[in-house]
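The values are calculated or read from the model by the stated rules, or taken from the named source; none is laboratory data. What you see is a predicted model, and the numbers here were worked out from it, not measured in a lab. Cβ placement follows ideal geometry from the backbone for every residue including glycine, while neighbour counts extend to all protein chains displayed. Keep in mind that these areas ignore ligands, DNA and RNA; they rest on the heavy atoms of the full protein, side chains included. Shrake-Rupley method; radii C 1.70, N 1.55, O 1.52, S 1.80 Å.
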Amino acid sequence: MIATTLGRGAESAPVPAASLFERVLLVEDHALFAQGLAGLIQQEMLAAQVNIVSSVEQAADALRQDDGIDLVLLDVALNGEVGLSLFARLSGQSARPPIVIISSSDDEGTVRAARAAGANGFLAKSASRASLVRMMRALGQGHSYFPGGLTAISTDDFPLTPRQLEVLSLLAQGFPNKRICQSLDLTEHTVKTHLKAIFTQLGVHNRTECVNKARALGWL
C-alpha cells in the first residue's frame, strides 16, 4: 500500500502553484485511501488541488461540468461498479483529460484491460511513493505510464467502442452475459449486440477464440 499522510475532507487544501498539475480528480470509494493518496500527491507537489469522488456517475458529472481537470486517477473496482465504465460515459465528449487506472490488482490482464479501455496509465495501489511520482511526471510530460513498457492504445484508430472494450474486458475475466449486464447496467440484448460486433471485428465465432485473439492483438 502506498504510504501516505491522511488529508481531510473530499477536497484537499491547495499547495503552492509550482505543482505539476493544477487539478486532479481522484475516483476512489475507500475514503481513507483516497484522502491519504490525495495528501501524498500534494506533499510531493504533484497537484495543487485534488478533488475526490466515489462513483463513476460523480466522476462523469464532474468532467462534463468542469473543463479545468488536468488528470483523472480512477479506481478500477468501485462499490458495485466497474471503474472502466467511465470511458463509455465520456465517449461523446470531444476531449477529456488523461485517465490513469489505479488498482489493488496488478496482474497482466488487469493492466491490459486498462490499456485497451483507453487509459493513459496504470498504477498499482501497492506501488511505491517513487512510482507515484514517476507516473505523474510521465503524464505531465504527455507520456503514458504502464508496467512492462506497454503504451496506450489510440482510441481514434481503435476499432472497438469504449463500451465494447468494457464488454471484452469482462468477457476475458470469465464473466457470463448476466454478470456483464449487471456490471455495466446493460440489457442482455445490448450485451449480445456488443458481443456480436466484437466477434465480427475479430473474425471469431466463440468466446474463447475472441479472448485469445484479442490478447494476441494486445487488446487485453
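The table below gives the values:
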read-out: Residues of segment 183-218 classified as surrounded by 14 or more Cβ atoms within 10 Å (Cβ to Cβ) and assigned to a loop (DSSP other than H, G, I, E, B), total; value: 2
read-out: Inter-residue pairs, beta-carbon under 6 Å, first farther than 16 Å from LEU86 by Cα and in segment 105-127, second open to solvent by 10 Å² or more (accessible area, probe 1.4 Å) and assigned to a strand (DSSP E or B), 6+ apart; value: ASP106/ALA124
read-out: Which numbered condition ASN177 misses (of (1) over 20 Å from ASP70 (Cβ atoms); (2) touching a strand residue (DSSP E or B) at 6+ places or on another chain (Cβ under 7 Å); (3) without any contact (Cβ under 8 Å) to a residue 60 or more places away in the chain; (4) open to solvent by less than 70 Å² (accessible area, probe 1.4 Å)); value: (2)
read-out: Residue list for segment 20-36, filter: touching a residue at least 60 places away in the same chain (Cβ under 8 Å) and either of a type in the set (Lys, Arg) or within 16 Å of ARG134 (Cα to Cα) (or both); value: LEU20, PHE21
read-out: Residue list for segment 35-55, restricted to those being assigned to a helix (DSSP H, G or I) and within 16 Å of MET136 (Cβ to Cβ); value: GLY36, LEU37, ALA38, GLY39, LEU40, ILE41, GLN42, GLN43
read-out: Extreme residue, nearest to LEU46 (Cα to Cα), among residues of segment 56-114 that are open to solvent by 20 Å² or more (accessible area, probe 1.4 Å) and part of a strand (DSSP E or B); value: ALA77
